[in-house]
1. Can you pull out the residues in segment 118-129 that are open to solvent by 10 Å² or more (accessible area, probe 1.4 Å) and either out of contact with any Phe, Trp or Tyr (no Cβ under 9 Å at 6 or more places or on another chain) or basic (Lys, Arg) (or both)?
2. What is the residue count in segment 164-187 for residues that are touching a residue at least 12 places away in the same chain (Cβ under 8 Å) and assigned to a helix (DSSP H, G or I)?
3. When you go through (1) within 29 Å of VAL25 (Cβ to Cβ); (2) in a helix (DSSP H, G or I); (3) among the β-branched types (Val, Ile, Thr) one by one for ILE105, which number turns out not to apply?
4. Going by the structure shown, is HIS240 under 23 Å from CYS9 (Cβ atoms) and not aliphatic (A, V, I, L, M)?
5. Kindly provide the set of residues from segment 155-176 that are closer than 15 Å to ALA88 by Cβ and open to solvent by 30 Å² or more (accessible area, probe 1.4 Å), ordered by number.
6. Examine segment 141-154 for a residue that is closer than 24 Å to ILE3 by Cα and either open to solvent by 10 Å² or more (accessible area, probe 1.4 Å) or among the β-branched types (Val, Ile, Thr) (or both), and state whether such a residue exists.
7. Do the conditions hold for ILE196, that is, is it farther than 30 Å from GLU114 by Cα and assigned to a strand (DSSP E or B)?
Amino acid sequence: MKIRVRGLCKAFGPKVVLDRLDLDVPAGSSLVVIGGSGSGKSVLIKCILGLIEPDSGSIEIDGRDVLRIGRSEREAVNEHVGMLFQGAALFDSLPVWENVCFGLIAKRRIARREARPRAVEILAQVGLGPDVADLSPAELSGGMQKRVARARAIAAQPDIVFFDEPTTGLDPIMGAIIDDLIVAQVKRLGATAFSITHDMASAQRIADTVAMIHRGAIVWKGPASMIRQSGNPYVEQFVHGSTEGPIRMEVRR
């Protein structure tokens, strides 16, 4: 098992966000976690990445509990991880080529003089030409920013790639293009993909397996092809966007 999560708990004051959550992600597969706002998706992915420390539970990556290893060991694990952030999170002050190779340069895995040609090669893999390399992030459209962020995420050829709402802010056509790139690149790398989204069309395009999180726990997990015939009341309500069902969204008036 590439990622194995057991009994994961996280609370912020009296608010319980993750409640004894269990989840398995097989190596080489693409898992998408769906769920409404405040369901715990983002906190889950941040706990796995080491950005948030959970209150209890275990997170194993390649059989090693990353919550119980030293900092240097955790950094070694993270070197095999790529991340596509929700808002692309590009550095505004750096040109595209330096954004793409930022991690490689910072970890001295590539000389600075070699970084731009390498960035051009990686940009080609996400459908962007060499002319994009010298542009600033502000000169890019939302879809192009997502592609550059995708290029940065795969620059180190990671074993695991995390995607945080990969199609947020994109029109349906560009969203489908980004999803196709995700599928193609994950297959090319032979990587394990872990995504969170509330975009059902995106989830069905990129997932082998879908897991539904509600109130900090996984309430259903199954093949992406079964998402619309799950028989699970939480999934059924979420997929169809119904106001009737077990999910009660808090709305302030």
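The values are calculated or read from the model by the stated rules, or taken from the named source; none is laboratory data. Remember, predicted model here, so these are calculated numbers, not experimental data. Every residue, glycine among them, receives a Cβ derived from its backbone with ideal geometry; neighbour counts consider all protein chains shown. Surface accessibility is based on the protein's heavy atoms, side chains included, excluding ligands, DNA and RNA. Shrake-Rupley method; radii C 1.70, N 1.55, O 1.52, S 1.80 Å.
1. Looking only at segment 118-129, we keep the residues that are open to solvent by 10 Å² or more (accessible area, probe 1.4 Å), and these are 118, 120-121, 124-125, 127-129.
Residues satisfying the conditions are ARG118, GLU121, ALA124, GLN125, GLY127, LEU128, GLY129.
2. The qualifying residues number 13.
3. (1)
4. Numbers: under 23 Å from CYS9 (Cβ atoms): no; not aliphatic (A, V, I, L, M): yes.
The answer is no for HIS240.
5. Correct list: THR168, GLY169, LEU170, MET174.
6. Going through segment 141-154, the residues closer than 24 Å to ILE3 by Cα turn out to be 149-154.
When the remaining residues are screened for being either open to solvent by 10 Å² or more (accessible area, probe 1.4 Å) or among the β-branched types (Val, Ile, Thr) (or both), the result is 152, 154.
Yes, segment 141-154 has at least one match.
7. Details: farther than 30 Å from GLU114 by Cα: yes; assigned to a strand (DSSP E or B): yes.
Spelling it out, ILE196 is indeed farther than 30 Å from GLU114 by Cα and assigned to a strand (DSSP E or B).
Yes/no matrix, rows are residues, columns are (1) aliphatic (A, V, I, L, M); (2) crowded, with 16+ Cβ neighbours inside 10 Å; (3) at pLDDT 90 or above; (4) in a strand (DSSP E or B):
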residue	(1), (2), (3), (4)
GLY57	no, yes, yes, yes
ALA76	yes, no, no, no
ALA89	yes, no, no, no
ASP92	no, no, no, no
